[in-house]
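For reference, the structure discussed in these notes is given below.
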Amino acid sequence: MFALIVKIQYPDQLVEGVAFLEAKKRTHKKCTFDAIKDAQLSRIYTQTPHAYLLLYDYENIHDNDEYKLQKLGGIKSSGSLYAVTLPMNVAIISKFKDTKLYRFSHPLSHQILTRYFRGLDLDFQKQALDIAKGYNIDIGAPQFLLIVSVVLDHELQNNFDQPFEQGNYNHDLFKELE
């Protein structure tokens, strides 16, 4: 599991939310994601109901017939696609553990750039942020944490020296990359 904390500076407000992504890779030479376990998904979803699955594949997902069912306006359908996301509750309800999950998926890049970085599909609750930052390890903590600051107004960007608090996470659990 990894967490993506997104801090967004709007003209009149600063918000902080978190996205949780549970990564699963496609089993080689099969159409299944053998690492998907019902109990794990239910446990994650109970604590973080906005969590997503991140599915990654060794083959181009664009070539998969299940993915072709998903029509995303404005998204280029050619090229290579090896990682997609879908809401965890959809995976739980569908009970699929194979490439049929691609029916409900969006490209990872689309999810990050057009959803998370605009404040969508994030959890803004203190408990979720505490889990992501490693301050509630009794419930669990992500293996990886990425913190991103987004300023949506170009004029605001030039007016901020340091708009966001730095280092607000459990330093015993996470180390900064240099």
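The values are calculated or read from the model by the stated rules, or taken from the named source; none is laboratory data. The structure displayed is predicted, hence computed values, not measured ones. Methodologically, a virtual Cβ is constructed for each residue, glycine included, from the backbone with ideal geometry; neighbour enumeration extends over all protein chains shown.
Rundown of residues vs (1) modelled with pLDDT under 90; (2) closer than 21 Å to VAL151 by Cβ; (3) among the polar types (S, T, N, Q), yes/no style:
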| site | (1), (2), (3) |
| --- | --- |
| LYS76 | yes, no, no |
| ASP98 | no, no, no |
| TYR116 | no, yes, no |
| GLN127 | no, no, yes |
| ILE131 | no, no, no |
Do you know which residues across the stretch 1-24 are closer than 19 Å to ILE92 by Cβ and not aromatic (Phe, Trp, Tyr)?
MET1, ALA19, LEU21, GLU22, ALA23, LYS24
So PHE160 passes all but one of these: (1) farther than 12 Å from ILE5 by Cα; (2) at pLDDT 85 or above. Which condition number does it fail?
(2)
For ALA39, the lone unmet condition from (1) touching an Asp or Glu at 6+ places or on another chain (Cβ under 8 Å); (2) without any contact (Cβ under 8 Å) to a residue 60 or more places away in the chain is (1)
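Per-residue answers, yes or no, for (1) at positive phi; (2) under 11 Å from the mean Cα position of the chain (by Cα); (3) without any contact (Cβ under 8 Å) to a residue 24 or more places away in the chain:
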{"site": "PHE104", "(1), (2), (3)": "no, no, no"}
{"site": "HIS110", "(1), (2), (3)": "no, yes, no"}
{"site": "GLY119", "(1), (2), (3)": "yes, no, no"}
{"site": "PHE124", "(1), (2), (3)": "no, no, no"}
{"site": "ASP138", "(1), (2), (3)": "no, no, yes"}
Suppose we filter ARG118, ARG103 for residues that are surrounded by fewer than 16 Cβ atoms within 10 Å (Cβ to Cβ) and more than 19 Å from ILE44 (Cβ to Cβ); which single one remains?
ARG118
Residues in the stretch 50-66 that are assigned to a helix (DSSP H, G or I) and in contact (Cβ under 8 Å) with a residue 12 or more places away in the chain total 3
Consider SER80 carefully, then state whether it is more than 18 Å from TYR56 (Cα to Cα) and loosely packed, with under 14 Cβ neighbours inside 10 Å.
no
